[in-house]
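Comments concern the structure below.
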Amino acid sequence: MKIKVIRHGLMHYHAQCDDCDWECAVYDNNNSHQDVRNLIRKHVKETKHRVSLETGSAIDYSPG
């Protein structure tokens, strides 16, 4: 049987500081992935805090 695979790409891209309430995501203020990474770097440099970035993608598998 053939399997159909549909890749939807990144569904979420969310950064959160482990030391304070700072967070940022692609859906906030129409940020791009690069915007989020730049904001993470800026926050870490300014505060010396640790930031975690969570990304998730979606793939559907179905009979082809």
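The values are calculated or read from the model by the stated rules, or taken from the named source; none is laboratory data. What you are looking at is a predicted structure, and each value in this text was computed from that prediction instead of being measured. Positions of Cβ are generated from backbone atoms using ideal geometry, with glycine treated the same way; all protein chains shown enter the neighbour counts. Note: accessible area is taken over every heavy atom of the protein model, side chains too, but ligands, DNA and RNA are not part of it. Shrake-Rupley method; radii C 1.70, N 1.55, O 1.52, S 1.80 Å.
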Open item on the list: Quick check on my filter: what residues within segment 1-23 are within 23 Å of Asp60 (Cβ to Cβ) and in a strand (DSSP E or B)?
Closed with: Ile3, Lys4, Val5, Ile6, Arg7, His8, Gly9, Leu10, Met11, His12, Tyr13, His14
Open item on the list: Suppose we filter segment 41-64 for residues that are of a type in the set (S, T, N, Q) and within 18 Å of the chain's Cα centre (by Cα); how many remain?
Closed with: 3
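Every residue, every condition in (1) without any contact (Cβ under 8 Å) to a residue 40 or more places away in the chain; (2) in contact with a helix residue (DSSP H, G or I) (Cβ under 6 Å, 6 or more places away or on another chain); (3) among the charged types (D, E, K, R), yes or no:
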position	(1), (2), (3)
His8	no, no, no
Ala15	yes, yes, no
Cys20	yes, no, no
Ser32	yes, no, no
Ser52	yes, no, no
Task: In segment 44-58, the residues that are open to solvent by 70 Å² or more (accessible area, probe 1.4 Å) and either modelled with pLDDT under 95 or in a strand (DSSP E or B) (or both) - done: Leu53, Glu54, Thr55, Ser57
Open item on the list: With the requirement that a residue be more than 17 Å from Leu10 (Cα to Cα) and hydroxyl-bearing (Ser, Thr, Tyr), what does segment 28-64 give you?
Closed with: Thr47, Ser62
Task: Hits in segment 24-43 (condition: exposed (fewer than 15 other Cβ atoms within 10 Å of the Cβ) and either in a strand (DSSP E or B) or modelled with pLDDT of 95 or more (or both)) - done: Asn38, Arg41, Lys42
